[in-house]
Amino acid sequence: MPSTDVLERLKAGRVTRGTEVIVLTADAGGRHQTVRQLGVIDYLTKSIDVPRFLETIANSLPEA
C-alpha cells in the first residue's frame, strides 16, 4: 500500500489521527514531498542511515 494511502487512513481514524509517523521506504523517488505535506516527522529511505534514524526517533519523543 502506498505511504500516502496509509497516512490518509491514519489521519481519518478517530483513534489514529494523532499518531506521529516516520516513513521508512525503499522508494527514493519524488513521492517524499507529497508524503511530507501530509505531516510525517521524516521520510527515510533504505539503505537506512542508522544515526539519522535514531536522531529522528529521539527528536520525536517527548522530553523526559
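The numbers here are math on the coordinates, done by the rules we state, and not lab data. In this text the structure is predicted, and so the values were computed from the model without any measurement. Every residue, glycine among them, receives a Cβ derived from its backbone with ideal geometry; neighbour counts consider all protein chains shown.
Rg(Cα) of the chain divided by 2.2 N^0.38 Å?
1.15
Where does the chain land at 222 nm, in deg cm²/dmol rounded to the nearest 500, when only DSSP H runs of n ≥ 4 count, each adding -39500 (n - 2.57), divided by all residues?
-12000 deg cm²/dmol
Treating only the Cβ atoms of Lys and Arg (+1) and Asp and Glu (-1) as charged, compute the dipole magnitude of the chain about its Cα centre; round to the nearest 20 debye.
260
Please find, in a Gaussian network model of the chain (springs between Cα atoms separated by less than 10 Å), the residue of Val23, Val50, Val35 whose mean-square fluctuation is greatest.
Most flexible of the set in this elastic network: Val50.
Determine, from the Cβ-Cβ distance of Thr34 and Thr56 and an R0 of 25 Å, the FRET efficiency 1/(1 + (r/R0)^6), rounded to the nearest 0.05.
The computed FRET efficiency comes out at 0.85.
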